[in-house]
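Encoded as structure tokens, the structure appears first; notes follow it.
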Amino acid sequence: MDNDSGSLLIALISLTGRVAFPPRSLYQIVCSRRGGPKQIKAYNLCDGTRTQAQIISECKLDAGNFSHTVSRWIESGVMFRLGSGREAKLLHLYPLPMRLPENVKAE
């Protein structure tokens, strides 16, 4: 896939993700367990350019706990694994600000 096609695909995933999972819903899934800002940072690093190991290293996370978190996010439909094995990259629906804006309405 060339760079333009990849960028278009990521834009379509982001747009569709915002319709299916509005920001408040996405926050609830990403932060449904303890971790808050650390979970959001890790989620935001899943931009399709990093492996799980790279995110673990950058955020100083426990590998086992993050593996369970990634599985939960994938099962929830808010993240995708691109590729397979150790070289697989993680792709979120869209990045989240560290704090939910006050003007975001509850569903």
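Residues that are over 12 Å from residue 69 (Cα atoms) and among the hydroxyl-bearing types (Ser, Thr, Tyr) were ranked within region 24-47; the one that is surrounded by the fewest Cβ atoms within 10 Å (Cβ to Cβ) is 25. Restricting region 73-85 to residues that are assigned to a helix (DSSP H, G or I) and without any contact (Cβ under 8 Å) to a residue 12 or more places away in the chain leaves a set whose member that is surrounded by the most Cβ atoms within 10 Å (Cβ to Cβ) is 74.
Only one of these is in contact with a Cys (Cβ under 6 Å, 6 or more places away or on another chain) and touching a residue at least 12 places away in the same chain (Cβ under 8 Å): 90, 61, 96. Name it. Write out each step before concluding.
Working: 61 fails: in contact with a Cys (Cβ under 6 Å, 6 or more places away or on another chain); 96 fails: in contact with a Cys (Cβ under 6 Å, 6 or more places away or on another chain).
Exactly one residue qualifies, and that residue is 90.
Looking across region 26-78, the residues that are among the hydroxyl-bearing types (Ser, Thr, Tyr) and within 13 Å of residue 95 (Cα to Cα) come down to 27, 43. Taken over region 50-67, the residue count meeting the criterion of being loosely packed, with under 13 Cβ neighbours inside 10 Å and either of a type in the set (Lys, Arg) or within 25 Å of residue 22 (Cβ to Cβ) (or both) is 1. Scanning region 51-102 for residues that are under 16 Å from residue 36 (Cβ atoms), among the hydrophobic types (A, V, I, L, M, F, W, C) and out of contact with any strand residue (DSSP E or B) (no Cβ under 9 Å at 6 or more places or on another chain) yields 59, 61, 66, 96, 98, 100. Of the residues making up region 36-58, just one is free of Cβ contacts under 8 Å to residues at least 12 places away in the same chain and either of a type in the set (D, E, K, R) or within 21 Å of residue 99 (Cβ to Cβ) (or both), namely 36. Scanning region 8-17 for residues that are over 30 Å from residue 62 (Cβ atoms) and surrounded by 11 or more Cβ atoms within 10 Å (Cβ to Cβ) yields a count of 5. With a requirement of 3 or more residues that are modelled with pLDDT under 90 and among the acidic types (Asp, Glu), none of the helices (runs of 4 or more DSSP H) lying completely within region 1-65 satisfies it.
The values are calculated or read from the model by the stated rules, or taken from the named source; none is laboratory data. Values in this document were obtained by computation on a predicted structure and should not be read as measured data. So basically every Cβ, Gly included, is an ideal-geometry build from the backbone, and we count neighbours across all protein chains shown.
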